[in-house]
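The values are calculated or read from the model by the stated rules, or taken from the named source; none is laboratory data. Fair warning: this is a prediction, and the values are worked out from it, not measured in the lab. Counting neighbours? That spans all protein chains shown, and the Cβs are built from the backbone with ideal geometry, glycine included. The area values use the complete protein model at the heavy-atom level, side chains included, leaving out ligands, DNA and RNA. Shrake-Rupley method; radii C 1.70, N 1.55, O 1.52, S 1.80 Å.
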Amino acid sequence: MKKNNTDTEQESLYSDLDKMSTKELLVNINAEDKKVPEVVEKQIPNIEKLVDVIVSKMKLGGRLFYIGAGTSGRIGILDASECPPTFGVPDNWVIGIIAGGDSAIRKAVENAEDDFNQAWKDLTAYSISNLDVVIGIAASGNTPYVIGGLKKARENNIITGSISCNSESLISKEADFPIELIVGPEFLTGSTRMKSGTSQKLVLNMITTSVMIKLGRISGNKMVDMQLSNKKLVQRGVDMIVEELNIDENLAAKLLKKHKSVRAAIMKNK
């Protein structure tokens with residue numbers, strides 16, 4: 001089998017996908033997906049270092065930025081957008097930036113990822129400083145938009161991290177804290193929205209969840225600072241108050257309505 005010199009572009013381990021049954025397709029995709037958590041596990045020491053430096057910067061008032069293109073950019077925006085509702089933090093604590101701007105979230109913007117200078121322009125629009133941390137996300141590890149953004153960030157004494165799925169990638173060389181997730185050939189050759197994207201999402205989940213826990217945005221194992229944005233979350237909040245204060249559901253609902261925060265309802269009625 002002829003292999004490309006990058007891990008993400010290697011030919012699939014499976015041939016004649018178009019001749020497989022539906023079950024064969026699903027079983028084989030699942031078999032590949034099972035490899036991802038083991039790859040992530042090997043990177044925990046590197047993820048740990050990055051998490052600790054993010055926490056130290058955010059305690060000083062810094063922010064976390066993700067920059068990426070295509071699938072990687074979308075994954076960054078997804079993770080960033082889930083922090084305010086989950087942890088009740090302002091929407092400028094974790095910021096996802098995608099090559100081509102917000103329109104690229106839904107539809108690919110031609111050549112956006114090839115602009116070496118644009119990421120830094122996008123970052124400076126947020127008045128980025130050396131209190132902040134920038135993580136570049138690129139499955140290939142060679143996206144010019146991400147490379148350029150990380151390079152300029154380092155030149156301005158801003159801590160950088162990277163998440164790629166190729167060994168010794170170019171973005172790793174521009175990162176103070178590189179994370180390389182070598183998941184191997186995709187089931188569909190070169191389709192990095194599959195294992196590569198999954199591995200990136202897992203790592204971002206680990207980073208922001210760990211950071212927010214260490215910043216005190218939970219209590220025990222509960223999301224006491226979550227936004228009460230729908231009936232399901234309001235009920236979850238009521239259930240937390242019932243459990244923590246050992247009171248009935250009606251009283252818990254009244255306390256939550258009064259304080260408009262699970263944390264406040266618990267802390268002010270203990």
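Hey, residue 155 hits all of (1) at pLDDT 95 or above; (2) more than 22 Å from residue 53 (Cα to Cα); (3) of a type in the set (Asp, Glu); (4) open to solvent by 60 Å² or more (accessible area, probe 1.4 Å) but one; which does it fall short on?
(2)
So which pairs qualify, if the first residue must be in segment 247-270 and at positive phi, the second must be surrounded by 14 or more Cβ atoms within 10 Å (Cβ to Cβ) and in a loop (DSSP other than H, G, I, E, B), the Cβ gap must be under 9 Å, and the two must be at least 6 apart or on different chains?
260/228
Here is a check on your reading of the model: is residue 81 open to solvent by 60 Å² or more (accessible area, probe 1.4 Å), over 11 Å from residue 137 (Cβ atoms) and within 10 Å of the chain's Cα centre (by Cα)? Lay out the reasoning, then the answer.
On the way: open to solvent by 60 Å² or more (accessible area, probe 1.4 Å): yes; over 11 Å from residue 137 (Cβ atoms): yes; within 10 Å of the chain's Cα centre (by Cα): yes.
Yes; evaluated as a whole, the condition is true for this residue.
If you check 110, 24, which single one turns out to be more than 18 Å from residue 162 (Cα to Cα) and modelled with pLDDT of 95 or more?
Details: 110 fails: modelled with pLDDT of 95 or more.
Only one candidate passes the filter, namely 24.
Looking only at helices (runs of 4 or more DSSP H) that fall completely inside segment 174-267, which ones have 1 or more residues that are within 20 Å of the chain's Cα centre (by Cα), more than 30 Å from residue 135 (Cα to Cα) and among the acidic types (Asp, Glu)? Before you say what the answer is, go through the steps one by one.
Working: elements: 195-214, 231-245, 249-259, 262-267.
It comes to none.
Select from segment 199-233 the residues that are surrounded by 18 or more Cβ atoms within 10 Å (Cβ to Cβ), of a type in the set (Ser, Thr, Tyr) and either more than 23 Å from residue 57 (Cβ to Cβ) or touching a Gly at 6+ places or on another chain (Cβ under 6 Å) (or both) and list them in ascending order.
Listed by number, the list holds a single entry, 199.
At negative phi, basic (Lys, Arg), in contact with a strand residue (DSSP E or B) (Cβ under 6 Å, 6 or more places away or on another chain) and open to solvent by 70 Å² or more (accessible area, probe 1.4 Å), is that true of residue 106? Break it down stepwise before answering.
On the way: at negative phi: yes; basic (Lys, Arg): yes; in contact with a strand residue (DSSP E or B) (Cβ under 6 Å, 6 or more places away or on another chain): no; open to solvent by 70 Å² or more (accessible area, probe 1.4 Å): yes.
It is false that residue 106 is at negative phi, basic (Lys, Arg), in contact with a strand residue (DSSP E or B) (Cβ under 6 Å, 6 or more places away or on another chain) and open to solvent by 70 Å² or more (accessible area, probe 1.4 Å).
For segment 7-42, give me each residue that is in contact (Cβ under 8 Å) with a residue 60 or more places away in the chain and either part of a loop (DSSP other than H, G, I, E, B) or under 16 Å from the mean Cα position of the chain (by Cα) (or both).
Within segment 7-42, the first condition is being in contact (Cβ under 8 Å) with a residue 60 or more places away in the chain, and the residues that meet it are 7-14, 17, 28-29, 32-33, 35-37, 39-40.
Answer for segment 7-42, where residues must be in contact (Cβ under 8 Å) with a residue 60 or more places away in the chain and either part of a loop (DSSP other than H, G, I, E, B) or under 16 Å from the mean Cα position of the chain (by Cα) (or both): 10, 11, 12, 13, 14, 35, 36, 37, 40.
Write out, first by first residue and then by second, each pair whose Cβ atoms fall under 8 Å of each other, whose residues are 6+ apart or on separate chains, and whose first residue, in segment 214-229, is more than 15 Å from residue 265 (Cβ to Cβ) while the second is outside any loop (DSSP other than H, G, I, E, B) and open to solvent by 60 Å² or more (accessible area, probe 1.4 Å).
From segment 214-229, the pairs are 215/59.
Looking only at segment 66-74, decide whether some residue is surrounded by 12 or more Cβ atoms within 10 Å (Cβ to Cβ) and in contact with a Lys or Arg (Cβ under 7 Å, 6 or more places away or on another chain). Break it down into steps so the answer makes sense when it comes.
Applying the first criterion (surrounded by 12 or more Cβ atoms within 10 Å (Cβ to Cβ)) to segment 66-74 yields 66-74.
Keeping just the survivors that are in contact with a Lys or Arg (Cβ under 7 Å, 6 or more places away or on another chain) gives 71.
Looking through segment 66-74, at least one residue is surrounded by 12 or more Cβ atoms within 10 Å (Cβ to Cβ) and in contact with a Lys or Arg (Cβ under 7 Å, 6 or more places away or on another chain).
Looking at (1) outside any helix (DSSP H, G or I); (2) open to solvent by less than 60 Å² (accessible area, probe 1.4 Å); (3) out of contact with any Asp or Glu (no Cβ under 7 Å at 6 or more places or on another chain), can you tell me which one residue 148 breaks?
Of everything listed in (1) outside any helix (DSSP H, G or I); (2) open to solvent by less than 60 Å² (accessible area, probe 1.4 Å); (3) out of contact with any Asp or Glu (no Cβ under 7 Å at 6 or more places or on another chain), residue 148 misses just condition (1).
Would you point out the residue of segment 117-138, among those that are within 12 Å of residue 67 (Cα to Cα) and among the hydrophobic types (A, V, I, L, M, F, W, C), that is most open to solvent (accessible area, probe 1.4 Å)? Before the answer, list the steps.
Start the filter on segment 117-138 by keeping residues that are within 12 Å of residue 67 (Cα to Cα), which leaves 118-123, 133-138.
This time we only want the ones that are among the hydrophobic types (A, V, I, L, M, F, W, C), so: 119-120, 123, 133-135, 137-138.
On the way: 119: 0, 120: 44, 123: 0, 133: 0, 134: 0, 135: 0, 137: 2, 138: 2 Å².
Ranking the qualifying residues of segment 117-138, first place goes to 120.
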